[in-house]
Amino acid sequence: MTHKTPDLDKLRQDLIIQDELLEQPMTFHTTWGLFSPKAIDAGTRLLLKYLEVQPDERAIDLGCGYGPLGLAIAKSAPRGHCTLVDKDFVAIEYARKNARLNGISNVDIFLSNGLDQVPAEQRFTLAVTNLPAKTGKEHYYLFFNDIMERLEPGGRFYVVVISGLRQFIARSFREVFGNHKKIKQGKSYTVAMAIKE
């Protein structure tokens, strides 16, 4: 009995997602091995549903993947700017490709572990992240403290996490930011926010 091998040439082709994010029609090219390559994931969708973006927002998307959050924010902030960072060079390549595809130029896209490659003088009014469930809590703490340092007073930090982590997020946001607001708790995901006071 022979196994039918998948068509490798077909597997190497980009996957294409067409969707509407923050009321903007957008197209994304992705590839196998990136997070949620076939569709915009439920966590990102939930976060975008509750996200308020000002037209002049200076935003950062941590762990941007192929770019759905950061690029949707940049498109919704025509007088603003969005910085996208990820530690995966393939994700960065696709985020750059997707920025070009969607005609989005008010972005910087960096290969960076957290904020370590982001110019030190950059400050933000909005930070977003779809937190990976499989990283350590130490990693989250580093992330949150780095964001806290880079946010302007009054800047907002939105996260979406699997609902099992929501208590940890509430605790660490109170520790780092002194506040925590649960925006929306779904069955699988929770959106939370902290403000730099």
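Values in this text are rule-based calculations from the coordinates and carry no lab data. Just so we're clear, the structure is a prediction, and the values are computed from it rather than from any experiment. Neighbour counts run over all protein chains shown; Cβ positions are idealised from the backbone, glycine included.
Some points to look at:
- Electrostatic dipole magnitude of the stretch 8-195 [Cβ: Lys, Arg +1; Asp, Glu -1; Cα centre; debye, to 20]: 620
- Between Ile60, Ile169, Ile104, the residue with the greatest mean-square fluctuation in the GNM of the chain (Cα pairs under 10 Å linked by springs) is Ile104.
- Counting every other Cβ atom within 10 Å of each residue's Cβ, Thr30, Thr44 order from fewest to most as Thr44, Thr30.
- Eligible lysines near Lys75 by straight Cα distance, threshold 20 Å, same-chain separation 8 or greater: Lys49, Lys97
- Counted by neighbouring Cβ atoms within 10 Å, the residues Val159, Val118 run from fewest to most as Val118, Val159.
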